[in-house]
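The values are calculated or read from the model by the stated rules, or taken from the named source; none is laboratory data. Every value quoted in this text rests on a predicted model; they were computed, and no experiment measured them. Quick reminder, even Gly has a Cβ in these numbers, built from the backbone with ideal geometry, and neighbours come from all protein chains shown.
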């Protein structure tokens, strides 16, 4: 097991997810352990270490990825009145695969996973 949950679990299909939005190169889904009442993760479908280290993927993936983030954030804002978009870097980034959190509501580690 590496420190890339998204490649090892989500993209491999080992961990099932509830898809919110998908394109040829991006995937957005409900977080498997949400920290907010609405908590969606948006990822590229290829390994990209972080926003500051795009690895072999290069910057050409960013327009499609950011469009997916924008689409999901607009949906969350429309449905819930507000949205946050967050990405972590360095020691703050638990999984070393570029990902954006789109969320709404108060943070709370004891939140239940939304029903399927």
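I'm checking my understanding of the structure. Among residues of the range 3-23 that are in contact (Cβ under 8 Å) with a residue 12 or more places away in the chain, part of a loop (DSSP other than H, G, I, E, B) and out of contact with any strand residue (DSSP E or B) (no Cβ under 7 Å at 6 or more places or on another chain), which one is nearest to residue 98 (Cα to Cα)?
Among residues in the range 3-23 that are in contact (Cβ under 8 Å) with a residue 12 or more places away in the chain, part of a loop (DSSP other than H, G, I, E, B) and out of contact with any strand residue (DSSP E or B) (no Cβ under 7 Å at 6 or more places or on another chain), the one nearest to residue 98 (Cα to Cα) is 4.
Which ones in the range 55-69 are under 13 Å from residue 24 (Cβ atoms) and buried (at least 17 other Cβ atoms within 10 Å of the Cβ)?
61, 65, 68
Please state which of the following conditions residue 97 fails to meet, knowing it meets all the rest: (1) in a loop (DSSP other than H, G, I, E, B); (2) without any contact (Cβ under 8 Å) to a residue 60 or more places away in the chain.
Against the list (1) in a loop (DSSP other than H, G, I, E, B); (2) without any contact (Cβ under 8 Å) to a residue 60 or more places away in the chain, residue 97 comes up short only on (2).
Being touching a helix residue (DSSP H, G or I) at 6+ places or on another chain (Cβ under 8 Å), modelled with pLDDT of 95 or more and buried (at least 17 other Cβ atoms within 10 Å of the Cβ) is true for just one of 76, 72, 10, 42. Which residue is that?
None of the other options fit; the residue is 42.
Of the residues 104, 95, which single one is modelled with pLDDT of 95 or more and buried (at least 18 other Cβ atoms within 10 Å of the Cβ)?
It is 104.
On the given criteria, is residue 53 under 19 Å from residue 7 (Cα atoms) and free of Cβ contacts under 8 Å to residues at least 12 places away in the same chain?
It is true that residue 53 is under 19 Å from residue 7 (Cα atoms) and free of Cβ contacts under 8 Å to residues at least 12 places away in the same chain.
Which one of these is touching a residue at least 60 places away in the same chain (Cβ under 8 Å), surrounded by fewer than 17 Cβ atoms within 10 Å (Cβ to Cβ) and within 19 Å of residue 108 (Cα to Cα): 87, 32?
32
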